[in-house]
1. What are the residues in segment B:190-217 that are over 27 Å from the mean Cα position of the chain (by Cα), more than 7 Å from chain A (Cβ to nearest Cβ) and part of a helix (DSSP H, G or I), if any?
2. Give me the residue from segment B:129-156 that is farther than 20 Å from A:A38 by Cα and crowded, with 16+ Cβ neighbours inside 10 Å and, out of that set, farthest from the chain's Cα centre (by Cα).
3. How many of the residues in segment B:165-181 are more than 29 Å from B:L59 (Cβ to Cβ) and more than 8 Å from chain A (Cβ to nearest Cβ)?
4. Check off (1) aromatic (F, W, Y); (2) over 15 Å from B:C147 (Cβ atoms); (3) crowded, with 24+ Cβ neighbours inside 10 Å for A:W15 and give me the number that stays unchecked.
5. Any residue in segment A:130-151 that is of a type in the set (S, T, N, Q), surrounded by 12 or more Cβ atoms within 10 Å (Cβ to Cβ) and farther than 22 Å from B:L31 by Cβ?
6. So for segment B:7-17 (the condition being more than 7 Å from every other protein chain (Cβ to nearest Cβ), among the small types (G, A, S) and surrounded by fewer than 18 Cβ atoms within 10 Å (Cβ to Cβ)), does at least one residue qualify?
7. Between a residue in segment A:217-229 that is modelled with pLDDT under 85 and any residue that is among the charged types (D, E, K, R), which pairs come within a Cβ distance under 7 Å, given they are 6 or more apart or on different chains?
8. Of the conditions (1) over 28 Å from B:C197 (Cβ atoms); (2) modelled with pLDDT of 95 or more; (3) of a type in the set (V, I, T), A:I147 clears all except one; give me its number.
Amino acid sequence: MKSRLRTFDLWNMFWRCLFIQGSWNHKSMLGLGFGFSAIPFIKRLFKTQRQREECLRRHLDFFNSHPYYASWCLGAVAKLEEEAKRKKWDDSRPIEIFKERLIGPLGAIGDRLFWDGIKPAAAGAGIALALTAGWIAIPVFLLLYNIPHLAVRIYGLREGYRQGFDIVSGLSVRRYQRWFDVMMMAGGVIAGLVLAAAVRWSWLQGAGRMDPLHAESFVPPALFAGALLLTWVALHFRISRHWTIAGAVLLGIIISLAAAAL
Amino acid sequence: MWQDVVVVSLWGGFVALDTTAAMQIVISRPLVSCSIVGLLLGSFSPGFIIGLMFELIYLDELPVGGALFNEGNLGATVAAGLAILLGRESGRPDLAVAFAALAGLLVSKAGAHIVVALRTLNASIYTRLMERPRITPGAVTRAHLLCLLLMFAAGTGLTLAGLVVFFFVFRNLAPLVPAGWDFHLRSLVYVFLGIGCAVLLYLFYERKRWWPLAAGAGLGLLFWFLTALAAGGGR
């Protein structure tokens, strides 16, 4: 019983895992962060300095994953180290191979689900709401993003610790495909809403602030549409983002000052 | 004034941490971080507007492991701080917003190179740790916390440098811009909005997913039409 993890250890690992990317580097990538997050279970399972050092060196090696999905691997590795200790495994190599095998799926699933799906969708919803309803967009954005984010981290650590090696079966890109499609669709609808909200906002700013009979009243929607088209073309021809912005801003200054002179 | 600069700079340190190194609970995203700068400095509105613009422009910048990405979050934080402080100091808030937005873009570009330098520094901290004759949990914790501290210091330093440098640039540049131009320069907000929308649309153009986009735009326009109708009927 002495070498079993406690609930406190799992929460401690979860807390540390929130900082896993803090020491990201080109040599070990998330390796140092993984070792840092593994300390609670290492301290619980191993009592001598030599054992702790051996285990630490194993987990300080190269490791990479999407940061939110690293907790899945961390939970599973904790379980495997616990079993290895209890059943007195001769070789820890299976644990290292298991970690290596998880790198690909954890990165692919996390990147597609969060960076391609949830992040643009949540930010888009925040922007659309900010343009129509104001500050309420901020808590909505934080909740839309962080509920799935923290759920994935907590669930992954718990399930990893419960299933050990078996966690692999749940981590196939194909099983997540439905979620990717749903997020992609939601993102598209939200992007459309952002566009409509931006058109409305720039239109109302122009009409609301100036006399519609003057050229100036058309400046906001004209600048909005001009910048949109120019940036689109620049993105299409792979022109650098900053050059594009500089060009659009310069043109914007010229157009708005010219309209003022008319 | 300088007390405000220090407060925004320290917030910049937390923004740098949240961007990739710690938590990633998106308080560093421009929409949130700039609004917090607005609250800290007692002028919510300019911070919120700057945050909105930068959120759109940097929507597709991903803080993925080894990628070199523009530090849009820090750039936006500096821009929000500058917009409020310069507007208050000079009495020309419209010019301050336009200038701050451009300054924020430059800071975000500089931030990308600082992140690369930090990653190299992290690699040397990791190498030194692994070369130690004995590795203890305490040594690992110290090495990791040192990396986090460096990230915080870099964020704070970059924000401070951005605020101070552009404060003096603005002080020398502002008298050269006729006061009559200020209101028209404010129109740059629409340029930023247009750029941001193009970034967002292009993201979906590349994915070849047009019908959800059209459905969303249709829904948005319908909502706009109905609210306008309701407002007209109410009158």
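1. Of segment B:190-217, the ones over 27 Å from the mean Cα position of the chain (by Cα) are B:208-212, B:214-215.
Filter once more, so that each one left must be more than 7 Å from chain A (Cβ to nearest Cβ): B:208, B:210-211.
Once the filter is applied, which keeps residues that are over 27 Å from the mean Cα position of the chain (by Cα), more than 7 Å from chain A (Cβ to nearest Cβ) and part of a helix (DSSP H, G or I), segment B:190-217 yields B:W210, B:W211.
2. B:L150
3. The initial filter retains those residues of segment B:165-181 that are more than 29 Å from B:L59 (Cβ to Cβ), namely B:168, B:171-181.
This time we only want the ones that are more than 8 Å from chain A (Cβ to nearest Cβ), so: B:168, B:171-179.
Here the count works out to 10.
4. Here A:W15 clears every test but (3).
5. Here is the first cut: in segment A:130-151, the ones of a type in the set (S, T, N, Q) are A:132, A:146.
Among the residues that remain, those that are also surrounded by 12 or more Cβ atoms within 10 Å (Cβ to Cβ) are: A:132, A:146.
Imposing the further condition that a residue be farther than 22 Å from B:L31 by Cβ reduces the set to none.
Within segment A:130-151, none of the residues are of a type in the set (S, T, N, Q), surrounded by 12 or more Cβ atoms within 10 Å (Cβ to Cβ) and farther than 22 Å from B:L31 by Cβ.
6. Taking segment B:7-17 and keeping what is more than 7 Å from every other protein chain (Cβ to nearest Cβ), we get B:7-17.
From what's left, among the small types (G, A, S): B:9, B:12-13, B:16.
Filter once more, keeping what is surrounded by fewer than 18 Cβ atoms within 10 Å (Cβ to Cβ): none.
Looking through segment B:7-17, none of the residues is more than 7 Å from every other protein chain (Cβ to nearest Cβ), among the small types (G, A, S) and surrounded by fewer than 18 Cβ atoms within 10 Å (Cβ to Cβ).
7. From residues that are modelled with pLDDT under 85, the pairs are A:S217/A:D211.
8. Among (1) over 28 Å from B:C197 (Cβ atoms); (2) modelled with pLDDT of 95 or more; (3) of a type in the set (V, I, T), A:I147 violates only (1).
The values are calculated or read from the model by the stated rules, or taken from the named source; none is laboratory data. Because the structure is predicted, anything quoted here is derived from the model rather than measured. Virtual Cβ from ideal backbone geometry, glycine too; neighbours counted across all protein chains shown.
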